[in-house]
1. Treating only the Cβ atoms of Lys and Arg (+1) and Asp and Glu (-1) as charged, compute the dipole magnitude of the stretch 36-103 about its Cα centre; round to the nearest 20 debye.
2. Net charge near L341: determine it from the other residues with C-beta under 14 Å of the C-beta of L341, scoring Lys and Arg +1 and Asp and Glu -1.
3. Say we join alpha carbon atoms closer than 10 Å with springs in a Gaussian network model of the chain; which of R202, R280, R28 then has the biggest fluctuation?
4. At A181 and E33, where each label point lies 7 Å from the Cα along Cα→Cβ, what is the point-to-point distance in nanometres?
5. Where does each of R376, R20 land when they are ordered by accessible area, with a 1.4 Å probe and the largest first?
6. Give the long-range amide H neighbours of G96: residues separated by 5 or more places, or on another chain, with amide H under 5 Å away, using H modelled in the peptide plane at 1.01 Å from N.
7. Pairs on different chains or at least eight residues apart, Cα atoms closer than 16 Å: how many lysine pairs in the chain fit?
8. Please compute the modelled spin-label separation between E138 and R111, points set 7 Å along Cα→Cβ, answer in nm with one decimal.
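The values are calculated or read from the model by the stated rules, or taken from the named source; none is laboratory data. Keep in mind that this is a model prediction, so the values were computed, not measured. Cβ placement follows ideal geometry from the backbone for every residue including glycine, while neighbour counts extend to all protein chains displayed. Just the protein is used for accessible areas: all its heavy atoms, side chains included, with ligands, DNA and RNA removed. Shrake-Rupley method; radii C 1.70, N 1.55, O 1.52, S 1.80 Å.
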Amino acid sequence: MTEPSFFLSDAQQRLRAEARDLAEDAIRPNAAEVDRTESYPWGNVAALRDAGFFGMTIPKAYGGRGASFLDAAVLVEEMARVCGVTGRIAVEANMGAVSAVMAYGTEEQKRLAADLVLAGDKPAICITEPEAGSAAAEMTTRADKRGDSYILNGSKHWITGGGVSKLHLIFARVFDEAGEAQGIGGFLAVRDETPGLEIGAREPTMGLRGIPETEVFFRDMEIPAAMAVIPPSGFKRGFADLMTAYNSQRVGAGTVALGLAQGAYEHALAWVQEREQFGRPIAEFQGLQWMLADMATGLEASRLMLHRAAASADPFPDVQLAAQAKIFSAETSIKIANDALQLFGARGYSRNNPLERICRDVRMFTIGGGTAQILRTVVASRILGRKLPQGRDGYLRDDARDDAAARGLRAAE
């Protein structure tokens, strides 16, 4: 196997070796059982926490390693190579919500997040709603200012870690005491400590079954104003800042897909050299050799794009690089996993073979964290240097549309 060493320092190579040893010894043996029972792998969480792999990216001043997103990506790939669920947990223990709090939070908020994550909590980031998926800005959950508190009401759906996560970063529309809209902000709440935060039904998922996806409800949930996460641009443009922090999550999601595909490729590579048909190993058939060559090429390209995106962080990965890396790695990884199963033939289709689980797990990553289609719009907006709104009114704002109508009337006269 070609070692993924390009761009990695000696320290990162050592980190990768340490993570791989842990993955093989403590994580791989549980992967099939986690999937079968659909149970959250608390034992894996403890192993990651004890190894110092929870909260790696938290600054040293708050008890973390002060690691980079590239360091975290190295860890995530090794975990996902043997268990997609554990790979995803490793993402959210080092990227996404916790990185947003560390960038934009107050001292109190940073201490709260660091203490929970370093103890083994995987924070939940609460954005998606039943009627606000890709159109996240159309969320209806609201936070109304009442003195020194905000009162939150609304619901979220497909919240990863619902029921197991303690720390929740909740996105809501903010209104002042006069009922005037202020923008979209983030609010921190801790499960079982914040009255009004309720976990709803769990979604029966196709893959990644060991990590719950649930509804979360907020019923007159009172949050101290001190728990509002306010980026430098304030509530008015805070949603854009908070979503910029989400670029690290996208790199992480793409890396889980890469790790799953790497694991699938390794299974297939060993199998084709062992399996014989027509009196010779199937690795001697050129058609299958080319499949392996394409798989290896896709893995290398995905890894380079993801590492470049992770290394671009300042303080978060570049939006275009993160989107491109996630699109490419997610789509490529699905093909690699499917081709790996094909190389096993009927054996790959059996639930006794990890390829069946990998194919289900990897399918999530062209959907979660921004669909491949929405991320293509993100990339297009960057390369064209313009906003590309998706509403029915198209690219024209109300004033521009009125101007165009007026020009049309003048032309008609």
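1. On the way: 6 positive and 6 negative charges, 16 e Å.
So the magnitude is around 80 debye.
2. Numbers: positive: R275, K335, R347, R351, R357, R360, R363; negative: E266, D339, E356, D361.
So the environment of L341 carries a net charge of +3.
3. Of R202, R280, R28, the most mobile in the Gaussian network model is R280.
4. 5.1 nm
5. Details: R376 105, R20 55 Å².
Descending accessible area places them as R376, R20.
6. S248, Q249
7. Details: K60/K110; K110/K122; K110/K166; K122/K166; K145/K236; K156/K166; K326/K335.
Lysine pairs meeting both conditions in the chain amount to 7.
8. Taking the two extended label points, one gets 4.2 nm.
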